[in-house]
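J.: Let me begin by handing over the structure; questions about it come next.
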Amino acid sequence: MRISGTTRLVGIFGDPVTHSLSPVIHNAAFKALGIDMAYVPFHVFDKDLKKAVGGIRALNLVGVSVTVPHKERIIKHLDRTDDMVRIIGSVNTVVNTDGELKGYNTDAFGYLRSLKEEHGFDPLRKRVILVGAGGSSRAILYEFLALGVASITLVNRTRSRAEALASEYGGLFPAAEMKVYTMDEFASCEGAACAKVIGEADLIVNTTSVGLMNVGCLDLPLERLSRDAIVSDIVYRPLETAFLRKARGLGLRAHSGLGMLVHQGAVAFELWTRKEAPVDVMRQAALEALKTIE
Ligand SMILES: NC(=O)c1ccc[n+]([C@@H]2O[C@H](COP(=O)([O-])OP(=O)(O)OC[C@H]3O[C@@H](n4cnc5c(N)ncnc54)[C@H](OP(=O)(O)O)[C@@H]3O)[C@@H](O)[C@H]2O)c1
């Protein structure tokens with residue numbers, strides 16, 4: 001990469017931030033397209049977030065990515081947000097247009113793009129089981145509902161969190177059928193209602209951190225899924241989680257979190273550069289980086 005007097009800067013705000021693959025992915029993309037930009041990590045502590053956001057304007061950065069723990073708290077420091085952000089309440093991308101900062105969340109859009117690219121999945125009238133009720137689930141659930149799924153079953157360790165999410169989004173999208181199970185109820189899957197939910201599902205997605213760095217494995221009755229169902233995990237370290245390994249062992253289609261990582265970055269790249277992202281270059285860069293750290 002050649003840094004010159006005209007090079008523009010993009011970055012990522014997080015705490016911690018050293019684990020992020022975003023610098024690798026974006027710098028590979030800038031290089032591939034000959035774009036005069038560089039992407040660097042910024043370790044931003046919570047107490048400094050407001051000043052760091054001021055720095056985006058003061059230093060005329062193109063924008064930033066935002067990761068844990070700033071995705072929610074950064075919103076109050078921005079000038080504008082995308083409509084979706086107002087509902088899901090978290091930002092992972094900021095675009096600086098002449099000092100005006102607008103926040104977006106590209107996670108769910110990136111997830112859906114990857115699912116479409118790898119498995120041709122169109123959410124319209126599909127039946128989806130969403131495991132988890134945290135920040136990523138909130139974003140992905142919104143996108144599924146906006147794209148017209150027939151039903152969503154939320155499965156979460158803590159029932160109250162899933163119920164609150166179902167009730168909030170159920171009011172916004174009354175056409176979709178919504179059910180809630182705890183993880184334990186779903187794991188034992190007693191009764192005809194639960195068996196019907198899993199037997200009719202087109203897709204089951206893990207949005208929890210279970211399986212991250214090989215810690216834990218979701219013990220869900222994947223053997224009751226139909227042969228056409230897709231099993232998806234947004235965790236990408238390791239690339240094949242125990243959940244996906246079990247799905248593959250049962251002959252089911254498996255979808256890893258790498259695609260979401262790449263495509264959420266690709267959408268951000270397109271917001272910053274207004275150029276189509278070189279997705280294959282970004283995926284290759286991520287895969288190579290993962291090989292060295294796994
Ligand atoms: N592929 C990508 O690009 C991408 C993007 C974003 C995030 N991710 C990954 O997605 C995962 C979730 O991130 P997030 O930001 O949504 O996290 P979050 O907001 O903290 O939510 C965590 C979720 O995991 C559940 N959970 C945590 N530990 C559990 C356990 N031991 N047993 C059962 N459930 C457990 C929580 O259940 P409770 O409600 O019961 O606490 C909650 O539903 C992380 O691993 C992250 O790395 C991947």
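The values are calculated or read from the model by the stated rules, or taken from the named source; none is laboratory data. Keep in mind that what you see is a predicted model, and the values were worked out from it rather than measured. All Cβ positions, even for glycine, are placed from backbone atoms using ideal geometry, and neighbour counts span all protein chains on display.
J.: Can you name every one of the helices (runs of 4 or more DSSP H) wholly within segment 1-101 that holds 3 or more residues which are over 30 Å from F144 (Cβ atoms)?
T.: It comes to 22-33, 49-58.
J.: V128 versus (1) within 13 Å of the ligand (Cβ to nearest atom); (2) crowded, with 24+ Cβ neighbours inside 10 Å: which is the lone unmet condition?
T.: Answer for V128: the failing condition is (1).
J.: Additional query: Is there a residue in segment 170-178 that is surrounded by fewer than 21 Cβ atoms within 10 Å (Cβ to Cβ), modelled with pLDDT of 95 or more, at negative phi and assigned to a helix (DSSP H, G or I)?
T.: So far as segment 170-178 goes, no, none of its residues is surrounded by fewer than 21 Cβ atoms within 10 Å (Cβ to Cβ), modelled with pLDDT of 95 or more, at negative phi and assigned to a helix (DSSP H, G or I).
J.: Any idea which residue in segment 124-146 is nearest to S226 (Cα to Cα), counting only those that are assigned to a loop (DSSP other than H, G, I, E, B) and under 16 Å from the mean Cα position of the chain (by Cα)?
T.: The selected residue is G132.
J.: Among the candidates V231, V215, single out the residue that is modelled with pLDDT of 95 or more and not assigned by TED's automatic domain parsing to the domain that holds D280.
T.: It is V231.
J.: Can we say D107 is acidic (D, E), within 27 Å of L244 (Cβ to Cβ), buried (at least 21 other Cβ atoms within 10 Å of the Cβ) and modelled with pLDDT of 95 or more?
T.: Yes.
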